[in-house]
1. Give, rounded to the nearest 20 debye, the magnitude of the charge dipole that region 6-112 has about its Cα centre when Lys and Arg contribute +1 at Cβ and Asp and Glu contribute -1 at Cβ.
2. Using the 2.2 N^0.38 Å rule of thumb for compact globular proteins, work out how region 53-101 stacks up: its C-alpha Rg over that value, please.
3. Express the C-alpha Rg of region 6-112 as a ratio against the empirical globular expectation 2.2 N^0.38 Å, rounded to two decimals.
4. How would you rank 87-100, 14-27, 61-74, highest first, on the average number of other Cβ atoms within 10 Å across their residues?
5. Under a crude label model (7 Å from the Cα following the beta-carbon direction), how far is Phe28 from Val60 in nanometres?
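What follows draws every value from the coordinates through simple rules; no lab data is involved. Bear in mind the structure is a predicted one, so any value in this text is a computation, not a measurement. Cβ coordinates were reconstructed from backbone atoms using ideal geometry, including for glycine residues, and neighbour counts include every protein chain displayed.
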Amino acid sequence: MVNFVAVPVLSTAFLFTVVTIILYINIFRGSIRVKSHLFWIWLLGLVTFLSSILSYIINVINVFELIEQAGDISASMVSTGIRESLLYIKAGLIVFVVSFLFWGIAKTIVARR
């Protein structure tokens, strides 16, 4: 089953990856607007992480609504739903950490020029 919240998180992560590669190439080419490029690398990583937190909250709410509708439910089903929700936060956090590293490396290179 495809989670409707996973699509924005995954598409944001893909968009971040593509835009970061383009911006990184422009930074190394000596583009005029380097500070703007650095800002976008940081911002896209942050948006990906925040959208993953939003997907987690929505998924947990959905899990508890399903529990309420079903009445009695096993703990393994609850843990499976929460575990799947945490996967999006893990993916968003990985993207944010990578963007933060790219941002720091690029900022250091620009400062040394």
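1. On the way: 7 positive and 4 negative charges, 197 e Å.
So the dipole magnitude of region 6-112 works out to roughly 940 debye.
2. Working: Rg = 13.5 Å, N = 49, 2.2 N^0.38 = 9.7 Å.
Dividing the Cα Rg of region 53-101 by 2.2 N^0.38 Å gives 1.40.
3. Values: Rg = 18.3 Å, N = 107, 2.2 N^0.38 = 13.0 Å.
The reported ratio for this selection is 1.41.
4. On the way: 87-100: 18.5, 14-27: 15.8, 61-74: 11.1.
Ranking the peptides 87-100, 14-27, 61-74 by packing returns 87-100, 14-27, 61-74.
5. The answer from the label model is 4.0 nm.
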